[in-house]
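Participant: Once you've had a glance at the structure underneath, I'll fire off some questions.
The values are calculated or read from the model by the stated rules, or taken from the named source; none is laboratory data. Quantities reported herein were computed from a predicted structural model and do not represent experimental measurements. Cβ placement follows ideal geometry from the backbone for every residue including glycine, while neighbour counts extend to all protein chains displayed. Just the protein is used for accessible areas: all its heavy atoms, side chains included, with ligands, DNA and RNA removed. Shrake-Rupley method; radii C 1.70, N 1.55, O 1.52, S 1.80 Å.
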Amino acid sequence: MNTKNYFYSPVDDIIGVKTNIENFSFSYGMAMPYTDESNFNNSLIKITLNVVKGRVEPTKEEKEKMGKFHYFNGFPDKGEMYYERNFLYGKKLQFKVSGIDTNNIEITVNKNYMRFVKHRFMNIHSIGYILTDIINLRLMHNNLAPLHCSGVVVNDNCYGIFAPPNTGKTLTAMTLCMDNNSKYKFIAEDLALTNGKDIFAVPWTSTFRYYDTVDTSRFSKFLNNLTEKISVLELLSFGKTEPITDYVKDISLKAKIKGIYILDRGEVKNYDITEQEAFDRINTLDRYEFNYMRAPTIIAYEYFNRKTNIEYAYTRERELLKEMISNADFLRVISTDNALNYAKEIEKEMKE
């Protein structure tokens, strides 16, 4: 395996990744530029991920003394845990994880696991999904919460855009930033963070590659039409994922929350909602997207290491969402029967 280390910063100063995987990607970064070791060391949450050719397992003597939780093995309060599962032709899927209850997480995974586990299927999760769940847990323990949203910035104020999957939040943010970039700065297209007062950019998610209204090439249009008919194609990768910087000029890394838009499909209308209704909707959207509460690796780790404290993270997440909603000047639903009209409605409000 590669012995060289590569460094990434999915969220500047907050999340850093050190790995021997070139062009590493996961939910927090699908098209991340390389950074350096200094930026990694200055990150709040540090992830070290190494893929190895050999086996990843405790010694036979250690394993006989370890506790067992389904496919996981560990000692109480030792801060580490092993996973092993039999696979085809005598192959084994293995990884070791440590530090989930700290801000320094280390994962060593064997080549078979990385090769064969690419997605999330029942209780078998790819390393990318596992890392995403761990990061989400650690964010709440550091008074930050992930948000399943897009967003734009105007005059240093952030307008968060929330919507159910495939409604148009990414398309809306991209349209505003591409069509009127002198006014709107990009901050998020699918994922962001909040401390209750501010929104932090997670700029390298790049889910916009699926929109043929952004990428007008013939291949993109063909692929999008085909994916609508054969949904499993969403799990496959076609070509190199393009970074947001290929499409927008200005990225805001942090901005104060100013307003919240929630996008609906249906009858054309705009209306304000209460803080409780906004919380119910946004909390439900986050529950759909984020799975740390039910992640097998985190649950098993908490069984051996009680300081993991999943329940605290869940409580803190809800508190931060309520604080963010309370700090917004307005909470508005935009409903339309055409996803291309959301950006027009937001632009119209900005001019009023």
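Participant: Would you mind checking which residues have amide H under 5 Å from Ala201's amide H? H placed 1.01 Å from N; only 5 or more apart, or other chain.
Facilitator: Excluding prolines and chain starts, which carry no amide H, the hits are Lys254.
Participant: Oh, and also: At 1.4 Å probe size, with the rest of the protein present, what percent of the exposed accessible area of the chain is carbon and sulfur atoms? Mind showing how you got there, number by number?
Facilitator: Numbers: 8140 of 17080 Å².
Here it works out to 48 percent.
Participant: Using square roots of five times the C-alpha gyration tensor eigenvalues, list the equivalent-ellipsoid semi-axes of the range 38-126 in whole Å, biggest first. Provide the component values of the computation, followed by the final result.
Facilitator: On the way: eigenvalues 103, 65, 29 Å².
So the three semi-axes of the range 38-126 are 23, 18, 12 Å.
Participant: Only bridges whose two residues both fall in the range 8-50 count here: according to DSSP, what percent of them are antiparallel, nearest 5?
Facilitator: The antiparallel proportion sits near 45 percent.
Participant: Return P(r) of the chain (all Cα-Cα pairs; 10 Å bins starting at 0; whole %; ordered from short to long distances).
Facilitator: Pairs per bin, as whole percents: 5, 24, 32, 24, 11, 3, 0, 0.
Participant: Then there's this: I'd like to compare 119-126, 244-251: which one has the highest average count of other Cβ atoms within 10 Å, and what's the full order after that?
Facilitator: Working: 119-126: 13.5, 244-251: 15.1.
Top to bottom by mean Cβ count within 10 Å: 244-251, 119-126.
Participant: Show me, for the range 334-349, the HN-Hα J-couplings you get by feeding each phi into the Karplus relation (A = 6.51, B = -1.76, C = 1.60, θ = phi - 60°), rounded to Hz, glycine and proline as x.
Facilitator: Couplings: 10, 10, 7, 9, 9, 4, 6, 8, 4, 4, 5, 5, 5, 4, 5, 5 Hz.
Participant: With labels modelled as points extended 7 Å from the Cα through the Cβ direction, what inter-label distance (nm, one decimal) is found for Phe75 paired with Asn23?
Facilitator: Simple spin-label model gives 4.1 nm for this pair.
Participant: Same structure again: May I ask you to give the average projected area over all directions of the convex hull of the Cα atoms of the range 29-73, in nm² rounded to one decimal?
Facilitator: Numbers: hull surface 24.0 nm².
The directionally averaged projection comes out at 6.0 nm².
Participant: Just want to confirm a number: the relative contact order over the chain, from Cα pairs under 8 angstrom separated by 6+ residues, in percent.
Facilitator: Details: 707 pairs, mean separation 62.3, N = 352.
It comes to 18 percent, rounded to a whole number.
Participant: What whole-number value in cubic angstrom gives the convex hull volume per residue for the C-alpha atoms of the range 273-322? Before the final figure, lay out the partial values.
Facilitator: Numbers: hull volume 2.9 nm³, N = 50.
Given the Cα convex hull of the range 273-322, per-residue volume reads 59 Å³.
Participant: Okay, next question. Angle check, please: helix 310-327 long axis (alpha carbons) against the longest principal axis of the chain (alpha carbons), in degrees 0 to 90, nearest 10.
Facilitator: 10
Participant: Find the relative contact order for the range 1-112 and round it to a whole percent, using C-alpha pairs within less than 8 Å whose residues are 6+ positions apart. Mind dumping the intermediate values first?
Facilitator: Numbers: 226 pairs, mean separation 25.6, N = 112.
23 percent.
Participant: How would you rank 277-286, 253-262, highest first, on the average number of other Cβ atoms within 10 Å across their residues?
Facilitator: Highest mean packing first, the order is 253-262, 277-286.
Participant: Ordered by residue, what ³J(HN,Hα) values in Hz, to whole numbers, does the range 252-257 give under the Karplus form 6.51 cos²θ - 1.76 cosθ + 1.60, where θ = phi - 60° and Gly and Pro are x?
Facilitator: Coupling constants for the range 252-257: 9, 7, 7, 7, 6, 5 Hz.
Participant: Where does each of 159-171, 53-65 land if you order them by average Cβ count within 10 Å, highest first?
Facilitator: On the way: 159-171: 22.3, 53-65: 11.6.
The most tightly packed comes first, giving 159-171, 53-65.
Participant: Let me ask another. Per the Kirkwood formula on distinct C-alpha pairs, the Rh of the range 302-352 is how many angstrom? Present the calculation step by step, with values, prior to reporting the outcome.
Facilitator: Values: mean 1/r = 0.0687 Å⁻¹.
Evaluated over the range 302-352, this radius sits at 14.6 Å.
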